Structure formats: C-alpha cells, structure tokens
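Structure first, then comments.
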Amino acid sequence: MAKTLVAYFSASGVTKAVAERIAEVSGSDIYEIKPEIPYTQADLDWRDKTSRSSVEMQNPSSRPAIVDKAANIEQYDKIFIGFPIWWYVAPTIINTFLESYNFSGKTIILFATSGGSGFGKTAEKLKESVSVDTKIIEGKLLNGNLSKQDIKAWIDSLK
Ligand SMILES: Cc1cc2nc3c(=O)[nH]c(=O)nc-3n(C[C@H](O)[C@H](O)[C@H](O)COP(=O)(O)O)c2cc1C
C-alpha cells in the first residue's frame, strides 16, 4: 500500500493534536511544517493590525520561511495537510510549503481547526500554489475533541 503523509502547521498546538491522531489512525508518516521564525503570542494577536500574522495575512503574496525541506513528498501519493484557519483561509506558510515541493499528480486532503469558521475559499487559494494536475480535496474541519473512531470514519469515507 502506498504510504501517506500527514503534514501540518500548528501555532498553538490544536492542529498538532489532530494531526497526530490522523497519523496514528491511518498509519501515516508525520511532518511538522515549522516556521524559520516561530510565532510568538504577540505575533498571533489578530486584534492587532500590525502583528506579524495580521501583516502576513493582509498580503496574500507573503511566504513565511520554513526551517527545512525534509518532507520527502516524492515518496507519497496522498498527503494530508493540516493548519489553523487564519482570517478565513490557510496561513500563507501553507503556500510556502506547497511551493517548496513538486505535488504534480498527487492528492492533497486538507484538514483544519478553527474558532468556528469553515474552509471558505481556502482550497481555491491553495490551488494557486500547486500544478494543475494536483488534486486538492477540501477535507474536513476537525474541531472539538474527535475520537479515533470519528477520525477513522472520516478517513475511510475518503477511499
Ligand atoms: C492570526 C489568527 C487568525 C485567526 N483567524 C480565525 C478565523 O478567521 N476564523 C476562526 O474561526 N478562527 C480563527 N483563528 C483561531 C484558530 O483557527 C484556532 O484557534 C485554531 O484551532 C488554532 O490552531 P493551532 O493551535 O494549531 O494554531 C485565528 C487564530 C489566529 C492566531
């Protein structure tokens, strides 16, 4: 069976916990998308228009740097990519990640956590960072304390 990867970015640990559960349930490898400069509490203050996250998210062309290029994407056909919803879409570091590798012919399944917002235009925005033959599936918002059974049922529904 082809190996699957779970790649995730998590600024405060919520998405990380979900990513670990998906990797465990699906027997996937796991890779953390780590920013070269970690986000501080002040960086994440969405009420402050001048905070790092606000400045980055106001500029859709921003591409925060990632610490490494070690996700070995070529080994996988199917890649789960998880992140917190920031300003109704994926943080632009996810665009950095997508533009750092060749996802041609691969299937990407998105998952996210949020304070309540849905995916909105998230998938559409991320398509700009991959080739036309990359399939992006919107996937699921995995908020709340989902059991392993819930996660397994979701993964099985994708097959
Ligand atoms: C800069 C910033 C912007 C956010 N924007 C939204 C938003 O538009 N909608 C929403 O429901 N939650 C929003 N949130 C909340 C996060 O999506 C939520 O807390 C998420 O679970 C955090 O995941 P993490 O711990 O993996 O970083 C935002 C959080 C931050 C820090």
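The values are calculated or read from the model by the stated rules, or taken from the named source; none is laboratory data. Fair warning: this is a prediction, and the values are worked out from it, not measured in the lab. For neighbour counting, all protein chains shown are included, and Cβ atoms are generated from backbone atoms with ideal geometry for every residue, glycine included. Accessible surface is based on the protein model in full, side chains and every heavy atom, while ligands, DNA and RNA are left aside. Shrake-Rupley method; radii C 1.70, N 1.55, O 1.52, S 1.80 Å.
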Please give the calculated 222 nm ellipticity per residue for the chain, where each DSSP H segment of at least 4 residues contributes -39500 (n - 2.57) and the sum is spread over every residue; nearest 500 deg cm²/dmol?
-7500 deg cm²/dmol
Accessible carbon and sulfur surface of the chain relative to its total accessible area, %, 1.4 Å
50
When the charge dipole of the chain is computed with +1 on Lys and Arg Cβ and -1 on Asp and Glu Cβ about the Cα centre, the Cα farthest towards its positive end, among SER51, ILE136, TYR8, belongs to ILE136
Nitroxide proxy distance, nm - points 7 Å out along Cα→Cβ at SER104 and SER147:
4.5
Magnitude of the Cβ-charge dipole (Lys and Arg +1, Asp and Glu -1) of the chain about the Cα centre, nearest 20 debye, reported as 260
With every protein chain kept in place and a 1.4 Å probe, region 4-157 has an accessible area per residue in Å² of 51
How high is the FRET efficiency from VAL67 to ASP133, r the C-beta distance, R0 25 Å, rounded to 0.05?
0.30
Per-selection metrics, region 4-157 (Cα): Rg and Dmax in Å
14.6, 43
Pop out the ³J(HN,Hα) list for region 10-20 in order, Karplus 6.51 cos²θ - 1.76 cosθ + 1.60 with θ = phi - 60°, rounded to Hz; leave Gly and Pro as x.
9, 8, 10, x, 5, 5, 4, 4, 5, 4, 5
Size of region 36-86 along its principal axes in angstrom, Cα-based, largest extent first?
41, 21, 19
Below 8 Å between Cα atoms, with a sequence gap of 6+, how large is the relative contact order for region 4-157 in percent?
23
Local charge sum around ALA65 (other residues, Cβ-Cβ under 15 Å, Lys/Arg +1, Asp/Glu -1)?
-2
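What share of Cα pairs, in percent, lie more than 15 angstrom apart in region 80-159?
56
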Express in Å², to the nearest 10, the accessible area of ARG21 obtained by rolling a 1.4 Å probe over the protein heavy atoms while all chains stay in place.
80
Please give the peptides 71-84, 115-128 ranked by average Cβ packing (other Cβ atoms within 10 Å per residue), highest first, as a rough proxy for protection.
71-84, 115-128
For region 71-111, the Kirkwood Rh over every pair of distinct alpha carbons, in Å, works out to 11.0
Lysines within cross-link reach of LYS125: Cα-Cα under 23 Å, excluding same-chain residues under 8 positions apart?
LYS16, LYS34, LYS49, LYS69, LYS78, LYS106, LYS135, LYS140
Give the accessible area for GLU56 in Å² (nearest 10); use a 1.4 Å probe, count only protein heavy atoms, and leave out ligands, DNA and RNA.
20
Can you work out the Karplus-derived ³J(HN,Hα) for every residue in region 93-103? Use 6.51 cos²θ - 1.76 cosθ + 1.60 with θ = phi - 60°, whole Hz, and x for glycine or proline.
5, 5, 5, 4, 4, 4, 7, 8, 9, 9, 9
Can you give the % of DSSP beta bridges in region 1-99 that are antiparallel, to the nearest 5?
20
